[in-house]
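The values are calculated or read from the model by the stated rules, or taken from the named source; none is laboratory data. None of the values given here were measured: they were computed from a predicted structure. As a convention, Cβ positions derive from the backbone with ideal geometry for all residues, glycine included, and neighbour counts pool all protein chains shown. Calculation scope for accessible area: heavy atoms of the full protein, side chains included, ligands and nucleic acids excluded. Shrake-Rupley method; radii C 1.70, N 1.55, O 1.52, S 1.80 Å.
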Amino acid sequence: QVQLVESGGDLVQPGGSLRLSCAASGSIFSIYVMAWYRQAPGKQRELVARIPRGGTPNYADSVKGRFTISTDNAENTVFLQMNSLKPEDTAVYYCNAVLNRQRGGLMEDYWGQGTPVTVSS
């Protein structure tokens with residue numbers, strides 16, 4: 001089994017910063033992509049940022065210049081540094097990983113349970 005566990009969500013004032021973390025554990029051979037998505041109340045889940053292993057990160061237009069995604073490949077961990085937070089960033093943030101559990105195995109999609117971020121004064 002594979003588990004993704006997020007942490008770091010909190011209540012923060014507009015203009016503030018938060019750093020989210022997501023650690024993947026379990027039977028993992030290799031992780032190919034890690035990403036952060038978010039879902040605001042009443043809205044669909046949307047991609048925030050993704051980073052292919054050894055590749056270039058890409059970001060939603062709404063967070064470019066404010067958010068930074070990074071990984072610690074040795075620890076199978078992905079981070080999301082969020083600066084200059086706005087009320088519209090309020091959402092539950094989900095970690096996603098595309099991985100395989102054995103050499104030559106199928107690529108599989110895993111999700112964390114979500115961590116809430118609220119930006120409000």
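Using Cα-Cα distances under 8 Å and only pairs 6 or more residues apart, what relative contact order does the stretch 8-121 have, in percent? Averaging sequence separation for qualifying contacts and normalising by length gives 37 percent for the stretch 8-121.
Taking only C-alpha pairs under 8 Å that are 6+ residues apart, what is the relative contact order of the stretch 10-57 in percent? Write down the numbers at each step before the final one.
Values: 36 pairs, mean separation 12.8, N = 48.
Normalised by residue count, the contact order of the stretch 10-57 is 27 percent.
Over the chain, give the accessible area per residue in Å² for a 1.4 Å probe, as an integer.
On the way: 6520 Å² over 121 residues.
I get 54 Å² per residue for the chain.
Count the net charge of all other residues whose Cβ sits under 13 Å from the Cβ of residue 68, scoring Lys and Arg as +1 and Asp and Glu as -1. Please list the in-between numbers first.
On the way: positive: 19, 50, 64, 66; negative: none.
That sum, taken over residues with Cβ under 13 Å, equals +4.
The packing ranking of peptides 106-113, 75-82, highest mean first, is 75-82, 106-113, where packing means the average number of other beta carbon atoms within 10 angstrom of each residue.
Charged neighbours of residue 1, selected by a Cβ distance under 13 Å, balance to 0 (K, R count +1; D, E count -1). Translational diffusion of the chain was estimated from the Stokes-Einstein equation, with Rh taken as the Kirkwood radius over Cα pairs; at 4 °C and 1.567 mPa s the coefficient is 89 µm²/s.
Could you work out how much longer the chain between residue 30 and residue 45 gets when fully extended? Use 0.36 nm per residue separation minus the Cα distance between them, nm to one decimal. The partial results should precede the final answer.
Numbers: separation 15, 0.36 × 15 = 5.40 nm, distance 2.54 nm.
Here the answer is 2.9 nm.
Share of carbon and sulfur in the accessible area of the chain stands at 46%, probe radius 1.4 Å.
For the chain, the Cβ-based charge dipole about the Cα centre amounts to some 180 debye (Lys, Arg positive; Asp, Glu negative; other atoms uncharged).
Once fully extended, how much extra length lies between residue 68 and residue 84, figured as 0.36 nm per residue of separation less the alpha-carbon to alpha-carbon distance? Walk me through the numbers before you get to the answer.
Details: separation 16, 0.36 × 16 = 5.76 nm, distance 1.16 nm.
Net length gain for the segment: 4.6 nm.
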